[in-house]
Each structure stands twice: as C-alpha cells, then as structure tokens.
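Report on one structure; see the data block that follows.
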Amino acid sequence: MTPLSSGLTLAWDDYGSLGTTAIAFYVHVGSRDENPELFGAAHFLEHAVFKGARSWSARDIANIQDRLGGEINAFTTRDYTVFYAKVLASKAADALELLWAMVSEPWLREDDIGKERQVILEELLEAEDDLEDRATELYMAALYPDEQFHHDILGSRRSLRQLNAEQLKNFHRKFYHPDNITLVLSGEGVEELKVLAESLRWPHPLGPSITPVRLGPKIGPHIEILSRPGEQVHVTMGVPAPRMFDADHDAALVLSTILGGQNSSRLWQRLREDEGLVYTVSASYSAMKDWGELSIYMAMSPQSVPQALEAATQEVMNLLEYGPTEEERAWALTQAETAMAFTMETPDGRMARLGAYAVCGASPLDPKARLSRLEQVSCEQIMRVSREILAVRPWAVAACGPVQGLERVLQTALHA
C-alpha cells in the first residue's frame, strides 16, 4: 500500500489480466459507526451518490454506466462501504473518474433523498421476506447484543423515514475524507491508473479527518426467535471465533470447512445425505480486525427441527472429542487452495482481497505464502481450536419461520 499526496491510500497489484480492470474505493465506515438516530445512513449514502454527482444527474450516471459496460456498483457492510467498477481496461480511466466523482462530489439533494428513501424501504421489505436473511440478522443480534454493532445494515423503517439530506451530508463530511479512503486497483493498465490516482484531489475544503473509533463488539450469546409464516424453519447458531489477524485464524477457517463447508463435510453428510433432514446445511467463518464468528446454518421443515438440531449437536461433539482426520484436513486445504486460485484469476477477486485487508491497515500475503501458512495447520491445532471455541456454552441461536411449539427445543440446541 502507498499513501498518495491527496491523503488517499492506494493498494494495487500488477498480475495483469485479459484486458479487464477492477477499481474500488473502500471507505472506512460501515453500519457499526452509526448512532441510533442514523441507523441505515451508511447504506443510504451508498445509494444516494448514484442520484447525482459533480455535473452528472442520476440519468447521466446511468448512461455513463451503460456506455462503460461491465459493472459499476456499490455495497455496504458493518465495517466499510465499497464503490467499485469492473470494466474493460480501455474504459478504466473513465470508470475511475465516475467513481471518484460519486465518492467526493455527491449532490445529496432533498428531493432525490425522498425518492431513494422509498427504494430502500422496498429493499428492506424484500429482505424481511427472505427468511434466511432474517435468520442471519437475528443471529448477529443473538451473538452481539450491542445494537450499534448488530443492527440491520439497511436500517429500520423508523430510522429510514427520519433520515434527511442534511444528515447524510454531515455523515459524508464526517467520514468521507481522503485519509479514510483506500483506492484499490487490479488488472490491466494499473500503472497508468496509478498516475491518474496521484492527480486526484478532494474538490472542496476538508475538515479534520475523523476515523471511526471502534471498540470490539460486546459478546452476549442468547436466543432470538422470530415467528413467520412459511414452509421451513431457518436456524443459524454460532460462537465467537478468532479475529482476522489472530494466530488461530487459519485453523478456524479449516475447521469451518470440515464441519460444513463442502459436500464431504460432517454436517452435510450426516444431516442431508445420511438422514435427509434438511435441504441445506453449512458452516461458515467470518473475521475482521476486531471480531470473528463461526456459525452453522440449516433450513428444514418444522417437524425435522428436533432431529436436525440433535444430529448437528452430535457432530459438533464428535469433532470436539476425536478431532478431524488427516483426510478431512487435506480436503479442506484443497478447498482453500482452489478458492484462492479462483480469487487470483480475476481482477475483481484480487480487488476484493486487497480491499478487505486494506481496510484493516494491512496487505495480504503473497498467494504462495498464504497457502504455505495454511498447510502448516495441523489436526492437533484444529482440535485445540475447536475445543476452545465450539465447547463454549451458550451458543448464540437464531430461528425464523413457523417456530410455534419449538421454543423449548431451540433452547437446548447448543445453548444450555
């Protein structure tokens, strides 16, 4: 990574590509940095910049997007907001200019904000109808009781109706500062783009740089249940896990793969293939600089819930008692190596990898060094880490769907 004279931080790679380029501005602010009266502001602002920037109206921006081809979009997480483009290398300079205009010179007019508010409310309604998504949101609330950390990235109906243009302008002034933004470049033509990046200047006077002050989220595992009509019950349950730069990060990644990250995994084979209790079951591991979690997700008919939870519990206990086999470890490492290879094959994959590290103030390891470190994870380390994190009680448990009559069963699912 390299600091630019404008205050921006630049991260790039020069692996090259077949004529394509990926560009992204990572703004170091996410939903966890919002005050309660501003819940949803980071995501709302991500939408609002497409309504007009610099001398371009929303229609102009849409026309430019279509003229450039590829994909120009944005997304918001708890930890950061990303504005990105995946285009032909011949269009990369124009894509960089468009993204920079949206990040640094958005209009944020009240009439545009009113129109976009309704769009986001529709997005919220769509998310509320997605029971898998609801189970995930409930799970984060069950694991991290601090509402400022776990609240819905989209905000709530109440907060969205209250947000106005002036609040979004203040949010932009506070957090959208060159010192708080990383530009990530990957693919063909990176050297030319680096020259253009050095010429970028913030278009209006800057106030003091305000980097979000973050404390690691408080952990307080409990149960969250939401009764909704439907055919399946969606359950997500999990525990705190190593953070991104903890020594046991790699072991936790391999552990989640063995538990439920592939077709040969223990949960998939037991719950789906052997007993036919679920349509889908998986385990996943997520980590950032100051938090990490490992979770199990499953969806099943209400009558299958007791058996599925019991089977999942048994598989977790078996792993705790006997540990993984060498064969399981080898398969999980192959999965990780394959994922790394596919990530490194595309500019947008490399861009996402660079950006995720950059917002944590670090650079990723060279792929060969990364794989070498993964290969050092032993069965003994996986077993130790599994006992340190999976044996913890209670687990956070979240369930969404037709859950009537299942409350007691859920109370005993890796929670008691």
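Computed from the coordinates by the stated procedures, all read-outs in this text should not be read as laboratory data. Everything numeric in this text was worked out from a predicted model, so none of it was measured. Glycine gets a Cβ as well: all are built from the backbone with ideal geometry, and neighbour counts include every protein chain shown.
Out of [x] 5, 25, 34, 25, 9, 2, 0; [y] 5, 20, 28, 26, 16, 5, 0; [z] 5, 19, 21, 13, 10, 12, 11, 7, 2, 0, which label holds the value of P(r) over Cα pairs in 10 Å bins from 0, in percent that was computed here?
It is the one labelled [y].
On a full-extension model of 0.36 nm per residue, what is the gain between Glu327 and Glu375, subtracting their alpha-carbon distance, rounded to one decimal in nm?
16.0 nm
Report the net charge of residues surrounding Glu110, where surrounding means a beta-carbon distance below 12 angstrom and charges are Lys +1, Arg +1, Asp -1, Glu -1.
Combined, the nearby Lys, Arg, Asp and Glu give +1.
Students often check this: by mean Cβ neighbours within 10 Å, which of 370-377, 19-26 ranks highest, and how do the rest follow?
Per-residue Cβ counts within 10 Å, averaged per peptide and sorted highest first, yield 19-26, 370-377.
Order of 52-58, 340-346 by packing, highest average Cβ count within 10 Å first?
Result, highest mean Cβ count within 10 Å first: 52-58, 340-346.
By per-residue mean of other Cβ atoms within 10 Å, what is the highest-first order of 304-315, 355-366?
Going by the mean number of other Cβ atoms within 10 Å, highest first, we get 304-315, 355-366.
Could you give the Stokes-Einstein D for the stretch 263-416 in µm² per second, using the C-alpha Kirkwood radius, 20 °C, 1.002 mPa s?
121
Please report, for the Cα atoms of the stretch 5-45, the Rg to one decimal and the Dmax as a whole number; what are they, in angstrom?
Considering the stretch 5-45 through its Cα atoms, Rg and Dmax are 15.8, 46 Å.
What is the sum of charges around Leu4, taking Lys and Arg as +1, Asp and Glu as -1, for the other residues whose C-beta is under 13 Å from the C-beta of Leu4?
My count for the surroundings of Leu4 gives 0.
Put a dot 7 Å past each Cα toward the Cβ at Ala391 and Arg59; how far apart are the dots in nm?
According to this spin-label approximation, the distance is 6.7 nm.
Provide the net charge surrounding Asp246, with neighbours chosen by a C-beta distance below 14 Å and charges set as Lys +1, Arg +1, Asp -1, Glu -1.
Surrounding charge for Asp246 is -1.
Got a sec? How would His222, His204 order by Cβ neighbour count within 10 Å, fewest to most?
His204, His222
Taking the chain as the reference, fit the longest principal axis to its C-alpha atoms, fit the long axis of helix 305-322 to the helix C-alpha atoms, and give the angle between the two in degrees, 0 to 90, nearest 10.
Roughly 90 degrees, rounded to the nearest 10.
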